[in-house]
Amino acid sequence: MSIIHAVHIDDKDSCVTVTEPVKAGDTVEYHLADGTVEQVTALGDSPIYHKIAIVDVTAGGYVYKYGEKIGIAACDIKKGDYVHTHNLKPVGHLQEA
């Protein structure tokens, strides 16, 4: 198991972008804006430059990357899950209140 670095931009982000390929069980490490170092354990494999959830997102909830909504959780996404088209729907699929 390795420590993998990731990019975190905004406090709203629910995922980070990994800078190396990730294997299940790897520790993904990222820095918050205040310099705090956080970690999450990857629950599955992820290719380089893809996303890993850093919080649980309930089905129907928005997923944020770089401070922007990038999709809606198609199912419950657990902290550490690989985030991609298999568990995201485009934002346009859900009307905002």
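In the stretch 18-34 there is no residue that is in contact with a strand residue (DSSP E or B) (Cβ under 6 Å, 6 or more places away or on another chain), under 18 Å from Asn87 (Cβ atoms) and not hydrophobic (A, V, I, L, M, F, W, C). Selection of the stretch 59-76 for residues being over 22 Å from Val28 (Cα atoms) and open to solvent by less than 50 Å² (accessible area, probe 1.4 Å) yields Gly60, Gly61, Ile72.
Of the residues making up the stretch 34-77, those that are free of Cβ contacts under 8 Å to residues at least 12 places away in the same chain and part of a loop (DSSP other than H, G, I, E, B) are Asp34, Gly35, Thr36.
Pairing each residue of the stretch 1-24 that is without any contact (Cβ under 8 Å) to a residue 12 or more places away in the chain and over 10 Å from Lys51 (Cα atoms) with any residue that is open to solvent by 50 Å² or more (accessible area, probe 1.4 Å) and among the aliphatic types (A, V, I, L, M), provided the two are 6+ apart or on different chains, yields no C-beta distance under 8 Å.
Of the candidates Asp56, Asp45, Asp34, the single residue that is of a type in the set (Asp, Glu), open to solvent by 60 Å² or more (accessible area, probe 1.4 Å) and at pLDDT below 95 is Asp34.
Residue count for the stretch 6-21 under the criterion of being surrounded by 15 or more Cβ atoms within 10 Å (Cβ to Cβ) and over 14 Å from Lys79 (Cβ atoms): the result is 5. With respect to the conditions (1) out of contact with any Gly (no Cβ under 8 Å at 6 or more places or on another chain); (2) closer than 14 Å to Lys12 by Cα, Val63 falls short on a single one, namely (1).
The values are calculated or read from the model by the stated rules, or taken from the named source; none is laboratory data. What you see is a predicted model; the values in this text were computed from it and never measured. Here the Cβ is made from the backbone with ideal geometry for all residues, glycine too, and neighbour counts use every protein chain on show. Surface areas here come from the heavy atoms of the whole protein model, side chains and all, with no ligands, DNA or RNA. Shrake-Rupley method; radii C 1.70, N 1.55, O 1.52, S 1.80 Å.
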